[in-house]
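> My questions will all concern the structure given below.
The values are calculated or read from the model by the stated rules, or taken from the named source; none is laboratory data. What you are looking at is a predicted structure, and each value in this text was computed from that prediction instead of being measured. Backbone-built Cβ (ideal geometry, glycine too); neighbour counts: all protein chains shown.
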Amino acid sequence: MRDEYDDTIAGKKLSPESLMMSYGYRPEWSEGAIKSPIFQTSTFVFQTAAEGKRFFALAEGSVEAEDGEKPGLIYSRLNNPDLEILENRLRLWDGADRGLVFASGMAAITTAMLAYLRPGDVLLHSAPIYGGTDHFVHDVLPEFGILTVKWEPDMSEGDIDVALEAVLEGRRLGAILMETPANPTNDLFSIAMARRIADRHGDGERRVPVAVDNTFLGPLWQHPLKHGADLVIYSATKYIGGHSDLIAGAVLGCHEMMEPVAGMRTVLGSMATPLTSWLMMRSLETLDLRMRRETESAQKIAAFLVAHPKVVDVGYLGLLKEGDPGYEIHKEQADGPGAMITFWIDGDEEEAFRFIDSLSLIHLAVSLGSTETLVEHPATMTHAGLDPDEKKKLRVNGALVRLSIGVENPDDLIHDISTALDAV
């Protein structure tokens, strides 16, 4: 029988989609159950006091594990079988050393940033970003004495250096936080450029972390760690969960860069529950199938939208052509276009609302990456709290509509969209 952490057969390395069924778990641990049970428990029994002492010493890092020794189970805020199996499987998609799962995407982002940012630091972040992240960056971090600098889509590397120099006197660059593609516009940002900027501001003792929110493309279509990122972040509610029935987040990276994040998660208690972890294990088994089907459908729908007379512009990565802004970045760092489409309707909020309210098959809800197709109006919903001037500058306006394509028949989705556009 293969070891629970064996990812090869006769020397052949297996693909993540094959390992999602069994990696990190052995049926004989649980009465032969082919799927891991839900370990719905708060605490775990030690066989002896000496064993408890050893487990705590390993967890606190006061001793090092011996060869082959694994940390023992202590308390579900620290470790739980469902959490550990999920984290071991999730890290395979991005080629990470370690994965951590959180109670929400915002818990993942805030925990990762608080692990590295200190009072007086400067955070460089791409713009636009998800509304919840924007609130954390602009309303919460300043309360801790942390300044922020925006990296907008049309800024060159030199422009960013100038913007940083204007605020860095007596301060240090604490971290770089990126969304690429950006929510909701699908604007792209270069991870390689972020790495260069970070390296110019680090030194031999401190590496400036580059964190990439990879929610829009998910673990199938983009692998930021391969392009210079230190941390890849997900709202696992979206493509990883994929069924609109859980809330979760994830952070992945190398052992060294993940250690501060793991310590902060333990203190904040922001990890996912056993049930949520179990549900995500189920979802990982079909992640490849779901994301490929959704992407195939999105390509057909984007082609329909770009040719429609009532659509002014379409933001979809699969439509990028040589010479377009973002084309070279997408070619360099992504493996596919994903299933997120943004488009600007011919009109403003009134026309966008009329289109949205005329849809039948597609649901109006503020999430993405699920099996059902969803529509939302970013300017008044997910990004309602953004600064009005910034929304105008970044085209997060009344005409913008965001679609997350699901697994329905694409022809049915196009018919629904066509009928709704006729009502505008």
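> Pick from Glu294, Glu285, Glu332: which is in contact (Cβ under 8 Å) with a residue 24 or more places away in the chain and touching a Gly at 6+ places or on another chain (Cβ under 8 Å)?
It is Glu294.
> Also: Output the number of the condition that Met178 fails; it satisfies all remaining conditions of (1) outside any strand (DSSP E or B); (2) farther than 18 Å from Gly336 by Cα.
Going through the list (1) outside any strand (DSSP E or B); (2) farther than 18 Å from Gly336 by Cα, Met178 breaks only (1).
> Here's another thing I want to ask about it. Looking at (1) farther than 18 Å from Asn80 by Cβ; (2) part of a helix (DSSP H, G or I), can you tell me which one Val208 breaks?
Result: Val208 passes all but (2).
> Just to be sure, is Ala307 of a type in the set (Gly, Ala, Ser), in contact with a strand residue (DSSP E or B) (Cβ under 7 Å, 6 or more places away or on another chain) and surrounded by fewer than 18 Cβ atoms within 10 Å (Cβ to Cβ)?
Judged against the criteria, Ala307 is not a match.
> Something else: Any chance region 234-247 includes a residue that's part of a strand (DSSP E or B), of a type in the set (Val, Ile, Thr), touching a strand residue (DSSP E or B) at 6+ places or on another chain (Cβ under 8 Å) and touching a residue at least 12 places away in the same chain (Cβ under 8 Å)?
No, every residue in region 234-247 fails to be part of a strand (DSSP E or B), of a type in the set (Val, Ile, Thr), touching a strand residue (DSSP E or B) at 6+ places or on another chain (Cβ under 8 Å) and touching a residue at least 12 places away in the same chain (Cβ under 8 Å).
Yes or no, residue by residue, for (1) hydroxyl-bearing (Ser, Thr, Tyr); (2) in contact with a Ser or Thr (Cβ under 9 Å, 6 or more places away or on another chain); (3) assigned to a helix (DSSP H, G or I); (4) over 22 Å from Leu220 (Cα atoms):
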| residue | (1), (2), (3), (4) |
| --- | --- |
| Asp324 | no, no, no, yes |
| Glu332 | no, yes, yes, no |
| Pro337 | no, yes, no, no |
| Phe355 | no, no, yes, yes |
| Ser360 | yes, yes, no, yes |
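> Out of region 224-233, which residues are crowded, with 21+ Cβ neighbours inside 10 Å and not in a strand (DSSP E or B)?
Within region 224-233, Pro224, Leu225, Ala229, Asp230 qualify.
> Give me a count of the residues in region 192-237 that are of a type in the set (Asp, Glu) and modelled with pLDDT of 95 or more.
Here the count works out to 3.
> Suppose we filter region 86-95 for residues that are under 14 Å from the mean Cα position of the chain (by Cα) and of a type outside the set (Asp, Glu); how many remain?
3
> If Thr382 passes every condition in (1) part of a helix (DSSP H, G or I); (2) under 24 Å from Leu287 (Cβ atoms); (3) at pLDDT below 95 but one, which one does it miss?
The one condition Thr382 does not meet is (1).
> Further question: Which ranges mark the helices (runs of 4 or more DSSP H) fully within region 101-170 that have 1 or more residues being more than 20 Å from Arg265 (Cβ to Cβ)?
By residue number, 131-135, 157-165.
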